[in-house]
Amino acid sequence: MAIQLFTQQDENEIINAIKAAEKNTSGEIRVHLESKCKGPAFERAKEVFEKLEMHQTEQKNGVLFYIALEDHLFYILGDQGINDRVEANFWESTKELVIEYFKKAEFKQGLIAGILKAGEQLQNYFPYQADDVNELSDEISKGK
């Protein structure tokens, strides 16, 4: 059975945050939820990233917000195009912002805040282009 953390309204608000963030950047943002993490969070996030074909964006600028709810794990994974251009701790402030909300069990608000911040941060490296194409689905991906 798939994990159900959010109501449909909550999911719509998160998807709207993704759409808003992507108005600032050509970067592509996705969220993946699952209850348990199979292995280290970084390795599992990489597996999900590949499974969702996030590495296939033209500028290699996909970003995955990975959450394993029952294991209390959260990871932000950026594609190679981002990692080649930003400093090593680029995602730390976004991760800290999200985790502050998560500690208060405000999961929807944390994701929305983190997603919007990611869009703002990526704008400096991958600005939105008038001919930008949404290369990845904005829907929330769900595991078990």
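The values are calculated or read from the model by the stated rules, or taken from the named source; none is laboratory data. Since we're looking at a predicted model, the values are computed, not measured. No Cβ is skipped: glycine too gets one built from the backbone with ideal geometry, and neighbour counts run over all protein chains shown. These area figures cover heavy atoms from the full protein model, side chains too; ligands, DNA and RNA do not enter into them. Shrake-Rupley method; radii C 1.70, N 1.55, O 1.52, S 1.80 Å.
Among the residues of region 48-66, those that are without any contact (Cβ under 8 Å) to a residue 60 or more places away in the chain and either surrounded by 14 or more Cβ atoms within 10 Å (Cβ to Cβ) or in contact with a Ser or Thr (Cβ under 6 Å, 6 or more places away or on another chain) (or both) comprise Phe49, Lys60, Val63, Leu64, Phe65, Tyr66. Taking the numbered list (1) within 14 Å of the chain's Cα centre (by Cα); (2) surrounded by fewer than 21 Cβ atoms within 10 Å (Cβ to Cβ); (3) closer than 23 Å to Asn124 by Cα; (4) in contact (Cβ under 8 Å) with a residue 40 or more places away in the chain in turn, Ala21 passes all entries but (2). The number of residues in region 1-12 being assigned to a helix (DSSP H, G or I) and either within 14 Å of the chain's Cα centre (by Cα) or of a type in the set (A, V, I, L, M, F, W, C) (or both) comes to 1. The residues on offer are Lys36, Lys60, and the sole one that is among the charged types (D, E, K, R), part of a loop (DSSP other than H, G, I, E, B) and more than 22 Å from Leu116 (Cα to Cα) is Lys36.
Select, from Asp131, Asp138, the only residue that is more than 18 Å from Glu34 (Cβ to Cβ), open to solvent by less than 60 Å² (accessible area, probe 1.4 Å) and outside any strand (DSSP E or B).
Details: Asp131 fails: open to solvent by less than 60 Å² (accessible area, probe 1.4 Å).
One residue alone meets the criteria, Asp138.
Pairs meeting the criteria (first residue in region 129-144 and under 13 Å from Gly62 (Cβ atoms), second residue hydroxyl-bearing (Ser, Thr, Tyr), beta carbons under 8 Å, at least 6 apart or on different chains) are Glu135/Thr57; Leu136/Thr57.
Does region 85-96 hold any residues that are open to solvent by less than 60 Å² (accessible area, probe 1.4 Å) and either of a type in the set (Lys, Arg) or over 15 Å from Ile18 (Cβ atoms) (or both), and which are they? If the condition is that a residue be open to solvent by less than 60 Å² (accessible area, probe 1.4 Å) and either of a type in the set (Lys, Arg) or over 15 Å from Ile18 (Cβ atoms) (or both), then Val86, Phe90, Trp91, Ser93 are the ones that fit.
May I ask you to say which residue of Leu111, Leu97 is farther than 18 Å from His32 by Cβ, assigned to a helix (DSSP H, G or I) and at pLDDT 95 or above?
Details: Leu111 fails: farther than 18 Å from His32 by Cβ.
Going through Leu111, Leu97 in turn, just one is farther than 18 Å from His32 by Cβ, assigned to a helix (DSSP H, G or I) and at pLDDT 95 or above: Leu97.
Is it the case, given these coordinates, that Tyr125 is within 25 Å of Asn12 (Cβ to Cβ), hydroxyl-bearing (Ser, Thr, Tyr) and outside any helix (DSSP H, G or I)? The answer is no for Tyr125.
Summed over region 1-28, the residues that are within 13 Å of Leu111 (Cβ to Cβ), at pLDDT 95 or above and touching a Leu at 6+ places or on another chain (Cβ under 8 Å) give a count of 4.
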